[in-house]
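See below for the structure under consideration.
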Amino acid sequence: MRTDYALRALFTLVEAYGRGPIPIRELARRNDVPKRFLEHIMLDLKNLGWVDSLPGKAGGYFLARQPTEIMMGEVVRCFDGYLAPIACVSVTGYKRCTQESFCRFRRVFLDIRNHVTRVMDRASLATVFAGAPVRDSEVANVDCIDGGGI
């Protein structure tokens, strides 16, 4: 949830980039995030140098870096720890498995990790914001996949 909430808040700040700060109450309301939880997340984002804040009645949060300089991979790693689908193919969250020396499916998870990492590390907040939201029909389109159950 922390990654989800952090991304919600960041994209709200991308939308308002250059137009001034957004109060924490407004960020929480617009993103359907509990204010107390969002306060902790915003402090983390501030400590990372991605956002800054102004105190006072007209204060709030704003992006401290340009949206082109913050990558989705950075945000996910910050709050989730790593992008790997299983620990035995993670660099930062690696955990040894007794099956590693002969495991066949580990290769698939390594390929997934590498693909996801490339996509996430190339996706700046600016490029993602410029894209269109996912439509329900795209999620439900099983013609694009090799089977159901996804």
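Ala87 meets all of the listed conditions (1) more than 16 Å from Asp4 (Cβ to Cβ); (2) buried (at least 16 other Cβ atoms within 10 Å of the Cβ) but one, namely (2). Look at the range 64-76: where a residue is at positive phi and outside the structural domain of Leu7 (by TED's automatic domain parsing), no partner that is buried (at least 19 other Cβ atoms within 10 Å of the Cβ) and in a helix (DSSP H, G or I) sits 6+ places away or on another chain with Cβ atoms under 9 Å.
Looking across the range 35-53 at every residue that is exposed (fewer than 14 other Cβ atoms within 10 Å of the Cβ) and of a type in the set (A, V, I, L, M, F, W, C), the one that is nearest to Thr68 (Cα to Cα) is identified as Leu43. Among the numbered conditions (1) under 16 Å from Phe129 (Cα atoms); (2) modelled with pLDDT of 95 or more; (3) surrounded by 13 or more Cβ atoms within 10 Å (Cβ to Cβ), the only one that Leu27 does not meet is (1). The sole residue among Thr12, Thr3 that is within 21 Å of Val128 (Cα to Cα), in contact with an Asp or Glu (Cβ under 8 Å, 6 or more places away or on another chain) and hydroxyl-bearing (Ser, Thr, Tyr) is Thr3.
Where helices (runs of 4 or more DSSP H) sit wholly within the range 1-58, those with at least 2 residues that are more than 17 Å from the chain's Cα centre (by Cα) occupy 24-31, 35-47.
Restricting attention to the range 54-84, the residues being among the hydroxyl-bearing types (Ser, Thr, Tyr) and surrounded by 13 or more Cβ atoms within 10 Å (Cβ to Cβ) number 2.
The values are calculated or read from the model by the stated rules, or taken from the named source; none is laboratory data. Given the structure is predicted, the values throughout are model-derived calculations rather than measurements. Cβ atoms come from the backbone with ideal geometry, glycine included; neighbour counts cover every protein chain shown.
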